[in-house]
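Only one structure is covered here, and it is reproduced in the block below.
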Amino acid sequence: MSKNKERIRDSALRYKQGLGQNFIYDEDLLAALVEASGVTAEDDVLEVGPGAGSMTKHLCRAAHHVLSVELDDRLIPLLGAFMTEYDNFTLVHGDVMQVNLPEITAKLRKPLCVVANIPYYITTPLMTMLLTSPLDIKQMSLMVQKEVADKVLAAPGDDAWGMLAVRCQYYCDPYLAMDVPAACFTPAPKVDSAFIVLPRREKPLVDVRCEEDFFRVAAAGFALRRKTMTNGLCAAFHMERAEAVALMNAAGLDERIRGEKLTFEELARLADAYTAWKEAHA
């Protein structure tokens, strides 16, 4: 049994299923994950969900400074005691979805690296929040369900292709760093996981006139799967079919194509056509 695992056992801490607590104790795996994250001695790190601190100490060894946000109040004294030898560590007790991230990270070097082994039930909301937040983020390295990784890395036409892929790939250039079987966690979850890295792009993947319209048009394409993009436009924007067909034609698209088949470039053209249509009807 690892020393970290013994530490949790001796504390009589019970894992909270409601908080999605699944910890990793394998030191070699933890070191490999931190190496895969690409964090260097020049980087400051925002860690979400440090749990027992097993990965946190490896991050502190690799990074300039680590600020960890932990929700479970039972873990705060354990983390405080465990991390006393690291003077480049700061602990914030709170819900990462509720705390003022720009405020608590104000003194950290920018751009930040984000590292997280987070409860799976907040994975998508957290990723969306970080992607659209005002934080200056260099990259995110996240432990997620394998199914979520597939969605992030999906290509147009794949079954997993959807809004999560569109949002992540628009802002970042994500890749799979490592598959992590369920047996690596304590307690073992019911599904395997994956460690994905999402370096932030210098500029979005495609140029669009209005980002909000781009994501609205993309969402319209996925809202009615197996239906045409034309139908999606009609349903999402309450327009007549003739208007939707005109938008498709303006974007150089076949009115019969399904929304989930559209590439980034095609979505961008259609979004710009929609923006022009919206302005004309303002």
Residues ILE137, ILE122: which one is hydrophobic (A, V, I, L, M, F, W, C), surrounded by 18 or more Cβ atoms within 10 Å (Cβ to Cβ) and farther than 20 Å from LEU33 by Cα?
ILE122
Of everything in segment 39-67 that's at pLDDT below 95, in a loop (DSSP other than H, G, I, E, B) and not hydrophobic (A, V, I, L, M, F, W, C), which residue is nearest to MET127 (Cα to Cα)?
GLY49
With the structure loaded, tell me whether VAL152 is among the hydrophobic types (A, V, I, L, M, F, W, C) and either in a loop (DSSP other than H, G, I, E, B) or more than 22 Å from GLY51 (Cα to Cα) (or both) or whether it fails that test.
yes
Which condition number in (1) of a type in the set (S, T, N, Q); (2) in contact (Cβ under 8 Å) with a residue 40 or more places away in the chain; (3) touching a Cys at 6+ places or on another chain (Cβ under 8 Å) is the one that SER54 fails?
(3)
Does ALA219 satisfy the criteria of being more than 30 Å from ALA182 (Cβ to Cβ) and over 21 Å from the mean Cα position of the chain (by Cα)?
no
Identify, please: which residue in segment 68-77 is surrounded by fewer than 19 Cβ atoms within 10 Å (Cβ to Cβ) and outside any loop (DSSP other than H, G, I, E, B) and is, among those, farthest from the chain's Cα centre (by Cα)?
PRO77
Of all residues being outside any strand (DSSP E or B) and aromatic (Phe, Trp, Tyr) in segment 88-125, which is farthest from THR56 (Cα to Cα)? Just the residue, please.
TYR121
All but one of (1) more than 19 Å from ASP159 (Cα to Cα); (2) assigned by TED's automatic domain parsing to the domain that holds PHE23; (3) touching a Cys at 6+ places or on another chain (Cβ under 8 Å) hold for PRO174; state the number of the condition that does not hold.
(1)
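Filtering segment 171-185 down to residues that are without any contact (Cβ under 8 Å) to a residue 40 or more places away in the chain and of a type in the set (A, V, I, L, M), which residue is surrounded by the fewest Cβ atoms within 10 Å (Cβ to Cβ)?
Once the filter is applied, the top-ranked residue is ALA183.
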Return the pairs, sorted by first residue and then second, in which the second residue is at pLDDT 85 or above and hydroxyl-bearing (Ser, Thr, Tyr), the first residue lies in segment 21-32 and is farther than 18 Å from GLU70 by Cα, the beta carbons are less than 6 Å apart, and the residues are 6+ apart or on different chains.
LEU30/SER54
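Considering only segment 249-266, state which residues are over 31 Å from the mean Cα position of the chain (by Cα) and not charged (D, E, K, R).
Of everything in segment 249-266, those that are over 31 Å from the mean Cα position of the chain (by Cα) and not charged (D, E, K, R) turn out to be ASN249, ALA250, GLY252.
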How many residues does segment 209-243 contain that are among the aliphatic types (A, V, I, L, M) and under 10 Å from LEU270 (Cβ atoms)?
5
Hey, can you tell me all the residues within segment 95-119 that are among the basic types (Lys, Arg) and touching an Asp or Glu at 6+ places or on another chain (Cβ under 8 Å)?
ARG109, LYS110
Could you check ALA188 against (1) assigned to a helix (DSSP H, G or I); (2) surrounded by fewer than 20 Cβ atoms within 10 Å (Cβ to Cβ) and say which number it fails?
(1)
Of all residues in segment 84-125 being within 21 Å of PHE185 (Cα to Cα) and of a type outside the set (Val, Ile, Thr), the one that is modelled with the highest pLDDT
ALA116
Read through the list (1) over 17 Å from ARG269 (Cα atoms); (2) small (Gly, Ala, Ser); (3) not assigned by TED's automatic domain parsing to the domain that holds CYS168, then give the number of the only condition that GLY252 fails.
(1)
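The values are calculated or read from the model by the stated rules, or taken from the named source; none is laboratory data. A quick note: this is a predicted structure, and the numbers were derived from the prediction, not measured. Virtual Cβ from ideal backbone geometry, glycine too; neighbours counted across all protein chains shown.
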